[in-house]
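The values are calculated or read from the model by the stated rules, or taken from the named source; none is laboratory data. A quick note: this is a predicted structure, and the numbers were derived from the prediction, not measured. We place every Cβ from the backbone using ideal geometry, glycine too, and count neighbours over all the protein chains shown. In case anyone asks, the SASA skips ligands and DNA or RNA and just uses the protein heavy atoms, side chains included. Shrake-Rupley method; radii C 1.70, N 1.55, O 1.52, S 1.80 Å.
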Amino acid sequence: MEKSLVLSVTVGTGCYRHIQISEDATLSDLSSAILDAFEFFDDHLHAFFMNNRAWDETEQYVCSEDDSDYARGFTDKVKLSKFSLRKGNKFLYIFDYGDDWQFQIRVLRVISEPTKTPLVLKSVGEVSQYDYDEDNEDEDF
């Protein structure tokens, strides 16, 4: 039977999303779901650290555009099911290596039902990928 994961994805203080996603989804699919949930543009490199330790190469999975020699695999080739995730497991997602957006992910539950497309079940708090000054929005640089 196909399983799905309900994940709590937190960035900063008091800002999180609960996302339901299929265990058959790739890490790249999860990256897209996270970025969509937080309304980020997918315009930078990303990596997952399945041991929950930032920049630890022993459990690092990177996007295919990353030329890291130390990665365990590419996020578009590795499914979530590979990790046999269970309630309480934690791992880290880093987006935009320059700005170092760190998203803490915790498995809230594993459910015995399919999830065709990722769902945002709960949304708390706001975060902005780029801090724009609205007064200067139309100025040329």
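Data overview
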read-out: Gained length - residue 99 relative to residue 41, 0.36 nm times residue gap less alpha-carbon distance; value: 19.5 nm
read-out: DSSP bridge pairs, the range 41-138: antiparallel proportion in percent, nearest 5; value: 85 percent
read-out: For residue 69, solvent-accessible area (1.4 Å; no DNA, RNA or ligand), Å²; value: 140 Å²
read-out: Computed [θ] at 222 nm, helices only, for the chain once each DSSP H run of length n ≥ 4 contributes -39500 (n - 2.57); value: -2500 deg cm²/dmol
read-out: Mean separation of Cα contacts under 8 Å, 6 or more apart, over the residue count of the chain: relative contact order %; value: 36 percent
read-out: Estimated inter-spin distance, residue 113 and residue 13, nm [label 7 Å along Cα→Cβ]; value: 3.6 nm
read-out: Protein accessible area in the chain, 1.4 Å probe - carbon and sulfur %; value: 44 percent
read-out: Where the chain is the region considered: accessible area per residue in Å², 1.4 Å probe; value: 59 Å²
read-out: Rounded to 10°, Cα long-axis angle of helix 27-37 versus longest principal axis of the chain; value: 50 degrees
read-out: Segment residue 53-residue 68, extension gain: residue separation times 0.36 nm, minus the distance between their alpha carbons; value: 3.7 nm
read-out: Note, ³J(HN,Hα) from phi for the range 3-9, Karplus 6.51, -1.76, 1.60, rounded to Hz, x at Gly and Pro; value: 10, 10, 10, 10, 10, 9, 10
